[in-house]
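Visitor: Supplied in structure tokens, the structure appears directly below.
Readers should treat all values here as calculations from the given coordinates under stated rules, not as data from a laboratory. Because the structure is predicted, anything quoted here is derived from the model rather than measured. Positions of Cβ are backbone-derived with ideal geometry, glycine not excepted, and every protein chain shown enters the neighbour counts.
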Amino acid sequence: MIIVMEENATDEQIVRVVDRLVNLGYDIHRSTGARYTILGAVGSRITDTGSLELLDGVNKVYRVSSPYKLAAKAFKPEGTKITIGDVVIGGDQVVLMAGPPIVESREQIELIAGTLASHGVRILRSSVMKIGIDPFGFQGLGEEGLKLLREVADRHQMLTLSEINDPAQLPLYSSYLDLIQIAGRNMANFALLKEAAKTGKPVILTRGASSTIEETLMSADYLMVNGNHQVVICESGIRTIETYTRNTLDISAVPIIGKLSHLPVIVDPSEAVGRRDKVASLARAALAAGADGLIIDVHHDPDRAMCDGAQSLSVEEFDRLAGQLRMIAPAVGRKLRI
């Protein structure tokens, strides 16, 4: 960290800043130029730079190293590949994860899973509990939904992925799931992250709608510090001034995270845009931008879905999208894993 003092900073002010940094555990290197005094603070402690800028005599504070260490590109420059069975997330393959927004019934999940499996989709993704703004809407099947998801996935040689919202759910959910997803609203729920890390399951960490890339990577780092290095970052849109779509999909986050971190990056265009007529366009853009995978909501009858039908592709629309993605992947040096 570099602290640039004001041009007219007094020796007393400089000494107070140095003392503060030393008390925080930093080694200080002082450089005095013709106009400015510059303090170089070396140490591993994460400090709020804003609090340092409020000290008398301080002009600007620059953080040189990132606050996340294990998630940083420098920790594993070759990149991380997460292997579950014969499915690899990361590397040259792009993995499609698809399924209905929520498990509604045995007939529904069986029909959709069978169709997706026939297209080569290997990861069946669906929620079993719904957290939304309508307390009287369909809330999901809970454990029965997990059982159905696992049973149907096994029958079609698929892996299971679902979202967890509460640390208390982890023992139950992890017994049915191959991958765990942490929703954006829970990205900073550190109690949940800590317990999720203990399961040993690969974790898909969704960026919060109001979270920066750095904050997202810090949460990923927290998972890794707690012993789980099987972490995938999911971009599912951020809150902007635009109201036409649910959120604004930050396509630029894909190559940026790829530069800053060794962790795989996937994109959920369904959750981001909230409109099925825009999902295919964003999915194509995400693949071209370098995404390692995509989460796509698919329903056999979206207009009659019990929740999130507006963001779900029909089976026919998914089939067309998969064909388009197969053509795009080789153009950007990737293979489509479906």
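Visitor: When only C-alpha pairs under 8 Å and at least 6 residues apart count, what is the relative contact order of the chain, in percent?
Guide: 17 percent
Visitor: Also: Can you give the longest stretch of the chain with no exposed loop site, where a site means GluC sites (Glu not before Pro) in a DSSP loop (not H, G, I, E or B) with at most 14 other C-beta atoms within 10 Å?
Guide: 79-241
Visitor: For region 22-76, divide the Cα radius of gyration by the Kirkwood radius and give the resulting Rg/Rh value with two decimals.
Guide: Numbers: Rg = 13.2 Å, Rh = 13.0 Å.
My calculation of the ratio gives 1.01.
Visitor: Less than 14 Å apart at the alpha-carbon level, and either on another chain or at least 8 residues along: which aspartates and glutamates does that give for Lys194?
Guide: Asp166, Asp221
Visitor: Additional query: Could you give the size of the charge dipole of region 207-338 about its Cα centre, using +1 on the Cβ of each K and R and -1 on the Cβ of each D and E, expressed in debye and rounded to the nearest 20?
Guide: Here the size comes out at about 400 debye.
Visitor: Collect residues whose amide H, placed 1.01 Å from N in the peptide plane, falls under 5 Å from the amide H of Ile102; neighbours closer than 5 in sequence don't count.
Guide: Counting only residues 5 or more places away or on other chains, the set is Ser127.
Visitor: What does the extension gain come out to for Phe75 and Asp56, with contour length at 0.36 nm per residue minus their alpha carbon separation?
Guide: Working it through step by step, the gained length comes to 3.2 nm.
Visitor: Could you give the length gained on full extension between Asp92 and Ile2, defined as 0.36 nm per residue of separation minus the Cα-Cα distance, in nm?
Guide: Going from the current span to full extension adds 28.5 nm.
Visitor: List Ile14, Ile131, Ile257, Ile84 from most exposed to least, where exposure is judged by having the fewest other Cβ atoms within 10 Å.
Guide: Least to most surrounded, the residues fall as Ile131, Ile84, Ile14, Ile257.
Visitor: About the Cα centre, and with charges only on the beta carbon of Lys, Arg (+1) and Asp, Glu (-1), how big is the dipole of region 198-284? Nearest 20 debye, please.
Guide: With only Lys, Arg, Asp and Glu charged at Cβ, the dipole is about 260 debye.
Visitor: Work out the length of the dipole vector of the chain about its Cα centre, built from +1 on the beta-carbon of each Lys and Arg and -1 on the beta-carbon of each Asp and Glu, and round it to the nearest 20 debye.
Guide: Charge dipole of the chain: 760 debye, to the nearest 20.
Visitor: Two decimals, Cα atoms only, Kirkwood Rh: what is Rg/Rh over region 227-331?
Guide: Over the Cα atoms of region 227-331, Rg/Rh equals 0.99.
Visitor: Positive end of the charge dipole of the chain (Lys, Arg +1 and Asp, Glu -1 on Cβ, about the Cα centre): tell me which of Pro302, Ile131, Gly79 has its Cα farthest that way.
Guide: Gly79
Visitor: Follow-up question, since we're still on this one. Restricting attention to the alpha-carbon atoms of region 1-160, what are Rg (one decimal) and Dmax (integer), both in Å?
Guide: Rg, Dmax (Cα atoms, Å): 27.4, 77.
Visitor: Moving on. Using alpha carbons only, how many degrees (0 to 90, rounded to 10) separate the axis of helix 213-225 from the longest principal axis of the chain?
Guide: Taking Cα atoms only, the helix is inclined about 80 degrees.
Visitor: In addition: Fully extended, how many nm does the chain gain between Arg30 and Lys198 (0.36 nm per residue separation, minus their Cα-Cα distance)?
Guide: Net length gain for the segment: 56.2 nm.
Visitor: Compute the long axis of helix 143-155 from its Cα atoms, compare it with the longest principal axis of the Cα atoms of the chain, and write down the angle in degrees, 0 to 90, nearest 10.
Guide: Taking the Cα atoms of the chain, the angle to 143-155 is about 70 degrees.
Visitor: Relative contact order of region 2-62, please, whole-number percent, based on alpha carbon pairs below 8 angstrom and at least 6 residues apart.
Guide: About 47 percent, as a whole number.
Visitor: Another question about this same structure. What FRET efficiency would be calculated for the residue pair Lys259, Glu107, taking the C-beta separation as r and a Förster radius of 41 Å, to the nearest 0.05?
Guide: My answer for the efficiency is 0.35.
Visitor: With N residues in region 95-239, what two-decimal value do you get for its Cα radius of gyration over 2.2 N^0.38 Å?
Guide: 1.03
Visitor: Counting only DSSP beta bridges with both residues in region 2-62, what percent are antiparallel, rounded to the nearest 5?
Guide: The antiparallel fraction comes to roughly 100 percent.
Visitor: Averaged across orientations, what area in nm² does the convex hull of the alpha carbons in the chain project?
Guide: For the chain, averaging the hull's shadow over all directions gives 19.5 nm².
Visitor: Tell me the angle of helix 276-289 to the major Cα principal axis of the chain, expressed in degrees between 0 and 90 and rounded to the nearest ten.
Guide: 50 degrees
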